[in-house]
Amino acid sequence: KKIAIFATGSGSNFQALAVAAQSGSLNAEISLLVCDKPGAFAVDRAEMLGIPALVISPKSYPSKEAYEEEILQKLTGLEVDMIVLAGYMRLIGPTLLNAFEGKIINIHPSLLPAFPGKDAIGQALAAGAETTGVTIHYVDEGMDTGPVIASASVKITLGETRESLQKKIQRIEHSLYPEVLEELLNGNEEAVQWEKSVH
Ligand code: GRF
């Protein structure tokens, strides 16, 4: 199967998926990185990994529809089967949702439905939560609202800082995302209804 990964920022999850695909532990081809932020580190990673990148700024288009139409054309041309969001800081609109119905997934750094939206890690710390985690879910028109596929929990320990918590969460993301995607591509939807916990 052919995958397009959408990222806005650092792209560490994009890299984890690409490395898994290149090493064979993920049986997929990462055909394209779509990045909506020129200069993002994800684009440098794509270059290092030898993966084509579509760097596309929504500001250059008259509407979200026109922006997504341009992306859709590229994805169609490459015969992409699935869209994997990895730190893409934008809601997916009807153009892409309709074209890839049930074929867009996202990873979010909290146990949804807790702490959706921006800065989920900061939200969990500010709320004094004892546990947070990572959720992989299908994407719908809402913000972090689609059906959950898999989650992993992370304990927030005494003296936890944003940096230490982010590190724990990212470590889990980088193993969970390729693993879950592999199961989905194999049609093992039930197999990924698991929960993990890390202390
Ligand atoms: C990840 O923590 C992901 O859960 C969230 O955005 C972050 C992206 O990090 N949606 P990176 O760009 O993959 O390093």
- prompt: If you go through region 94-128 one residue at a time, how many are assigned to a loop (DSSP other than H, G, I, E, B) and within 16 Å of the ligand (Cβ to nearest atom)?
  reply: 11
query: Residues Thr157, Thr131: which one is surrounded by fewer than 18 Cβ atoms within 10 Å (Cβ to Cβ) and touching a Lys or Arg at 6+ places or on another chain (Cβ under 8 Å)?
result: Thr131
- request: Please go through region 101-153 and pick out each residue that is of a type in the set (Gly, Ala, Ser), under 19 Å from Leu91 (Cβ atoms) and at pLDDT below 95.
  value: Gly102, Gly142, Gly146
message: Pairs needed: first member in region 56-70, aliphatic (A, V, I, L, M); second member anywhere, surrounded by 11 or more Cβ atoms within 10 Å (Cβ to Cβ) and part of a loop (DSSP other than H, G, I, E, B); C-beta distance under 8 Å; at least 6 residues apart or different chains.
response: Ile56/Asp36
- request: Being away from the ligand (no atom under 14 Å from the Cβ) and over 16 Å from the mean Cα position of the chain (by Cα) is the filter here, so list the residues in region 161-191 that pass it.
  value: Thr161, Ser164, Asn186, Gly187, Asn188, Glu189, Glu190, Ala191
task: Return yes or no: is Leu91 within 16 Å of the ligand (Cβ to nearest atom), modelled with pLDDT of 95 or more and part of a loop (DSSP other than H, G, I, E, B)?
output: yes
message: I'd like the full set of residues that are in contact with a strand residue (DSSP E or B) (Cβ under 9 Å, 6 or more places away or on another chain) and farther than 22 Å from Glu183 by Cα, limited to region 61-87.
response: Glu70, Ile71, Lys74, Leu75, Leu78
- prompt: Under 9 Å by Cβ, and 6 or more places apart or on different chains, what pairs join a residue from region 88-106 that is touching a residue at least 60 places away in the same chain (Cβ under 8 Å) with one that is outside any helix (DSSP H, G or I) and of a type in the set (Lys, Arg)?
  reply: Met89/Lys37; Met89/Lys118
- request: Give Asn13, Asn27 a once-over and let me know the one that is polar (S, T, N, Q), surrounded by 20 or more Cβ atoms within 10 Å (Cβ to Cβ), closer than 23 Å to Glu183 by Cα and not assigned by TED's automatic domain parsing to the domain that holds Glu141.
  value: Asn13
task: Return yes when Glu101 is surrounded by fewer than 18 Cβ atoms within 10 Å (Cβ to Cβ), within 18 Å of the chain's Cα centre (by Cα) and not small (Gly, Ala, Ser) and no when it is not.
output: yes
field: Those strands (runs of 3 or more DSSP E) lying entirely in region 1-73 with at least 1 residues modelled with pLDDT of 95 or more, within 20 Å of Ser175 (Cβ to Cβ) and away from the ligand (no atom under 13 Å from the Cβ)
entry: 2-7, 29-35
task: Identify the single condition in (1) closer than 22 Å to Ile5 by Cα; (2) touching a Pro at 6+ places or on another chain (Cβ under 9 Å); (3) of a type in the set (Ser, Thr, Tyr) that Ser175 does not satisfy, given that it satisfies every other one.
output: (2)
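The values are calculated or read from the model by the stated rules, or taken from the named source; none is laboratory data. Everything numeric here is computed off the predicted structure, so don't read it as measured data. Using ideal geometry, Cβ is built from the backbone for each residue, glycine included, and neighbour counts are taken over all protein chains shown.
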